[in-house]
Structure formats: structure tokens, C-alpha cells
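In what follows, a structure is listed as C-alpha cells, so that the remarks can point back to it.
Rule-based calculations on the coordinates, nothing more; no lab input. Since the structure is predicted, the reported quantities are computational estimates derived from the model, not experimental observations.
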Amino acid sequence: MKSYQKRFVEEYRQLTQRLSKLDKMLKKYAQGTLGFEPDCPIRLLQEQRRVMSEYVDILEARAKFEGVDLE
């Protein structure tokens, strides 16, 4: 695997891990079990989640074109 492909895979892994954590936080917030009140508006965090999800989709599409295995 080329060095840029390794960086690509690492970026994808970090992004999906962070997105998963944000998803869990937003679900806990919706259930009233978060345990703290976020400093920023929840709508902003929901928008961040949407954009991160789009970014994941873009990286997955790019990986197909470039033959990068994200597994």
C-alpha cells in the first residue's frame, strides 16, 4: 500500500470513529441521559454529524475509484 493510501485509510478510520462517538452522544442527548449540557447548540452538533456523514460517503466513493481498501 502506498503512503498516501495509508493516510487515506487512517483518515477514514479516525473519521468513522469520531462520527460513531458523536452519534452516541446525540442519542444520549435525545434520550435525556447525556449527563451534561453541551456548550454549543444541539442543532450545531446535528449539523456537524450530517457533514461528517457526507464526508464518510465521499471518502468511500473516492476509495472505490482509487482502489483503496478501507477494511
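In vacuum, with every alpha carbon of the chain counted as one equal point scatterer, what does the Debye formula give for log10 I(q)/I(0) at q = 0.15, 0.18, 0.22, 0.24 Å⁻¹? Two decimals, please.
After summing over all Cα pairs, the log10 values are -0.58, -0.72, -0.91, -1.01.
Measure nothing fancy, just the Cα-based angle from helix 3-31's long axis to the longest principal axis of the chain, in degrees from 0 to 90, nearest 10.
On a 0 to 90 degree scale, this one is about 20.
What is the angle, in °, between the Cα long axis of helix 42-66 and the longest principal axis of the Cα atoms in the chain? Nearest 10 is fine, range 0 to 90.
10 degrees
Add -39500 (n - 2.57) for each DSSP H run of 4 or more in the chain, then divide by its residues: what number comes out at 222 nm, to the nearest 500 deg cm²/dmol?
So the calculated ellipticity at 222 nm is -27000 deg cm²/dmol.
Under 26 Å between alpha carbons, and skipping anything fewer than 8 positions from Lys64 in its own chain: which lysines qualify?
Lys2, Lys6, Lys21
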